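A.B. asks: For reference, the structure I am asking about is given below.
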Amino acid sequence: DEGIKNSLQMIASAFFKILVLNPLDVSCENLSHFKGIEVDLLVLTHSDLPAFSASRESLASNDVFVSTKYGLEVHIGKSSGADGTPVGGPIGPLEEILFDAVKRKYGLLVGQEPIILERHRYLIKKIFEGCSQVEQLMRRDESSEMPDIGIVMGLVDYIGSLISELIGSTTSDDVLKSIFENFCIGK
């Protein structure tokens, strides 16, 4: 029960809520913990199995079924390779759906309740630009080479420092730098 309580607290404070369910292996009792919680994205697995549709309909008809804020529901399942052997489900499209959904939610929320502090607006804009650059580097077609990991990691480190600045995290180096820059220290 403690684990469920902690999970529900984390869900309540999450910006973007994703629930991954196997409709063939979930009971209404398990779902009852999530009653009243709206998720941003619902991912239903095992869509390739014959019993998927009936199980999904059974869940949907139950009053404890989880609802999605924007109607985003994705079904994934295994597919067959060229030789007929099962391969992993099509997760690639999920990445794009997820990225677009997070951008859309952020845009809607900022449109409803604008960010007041100029410093926050500036940092969030820089974080978004950095994430967009990482996405562009990572999106590649079959003919292009993998991006330089050093460049990607440099951008990720930069984004991390911007996030730290946004949420007010400071390191001992930051404190020392501030002391020496802002105060007169004599002998």
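A.B. asks: Beyond 32 Å between alpha-carbons counts as too far, so tell me which of 35/103; 17/125; 125/177; 5/125; 35/105; 5/177 fall in that bin.
C.D. replies: Among 35/103; 17/125; 125/177; 5/125; 35/105; 5/177, the Cα-Cα distance tops 32 Å for 5/125; 5/177.
A.B. asks: Provide 18, 151 in ascending order of the number of other Cβ atoms located within 10 Å of each residue's Cβ, fewest first.
C.D. replies: Least crowded to most crowded, the residues run 151, 18.
A.B. asks: Amide H to amide H, which residues 5 or more places from residue 45 or on other chains are under 5 Å from it, using H placed in the peptide plane?
C.D. replies: 21, 22, 76
Here, each number is a calculation from the coordinates, and none is a lab measurement. From a predicted model like this one, the values you see are computed outputs, not experimental measurements. Ideal geometry is used to build each Cβ from the backbone, glycine not excepted, and the neighbour counts take in all protein chains shown.
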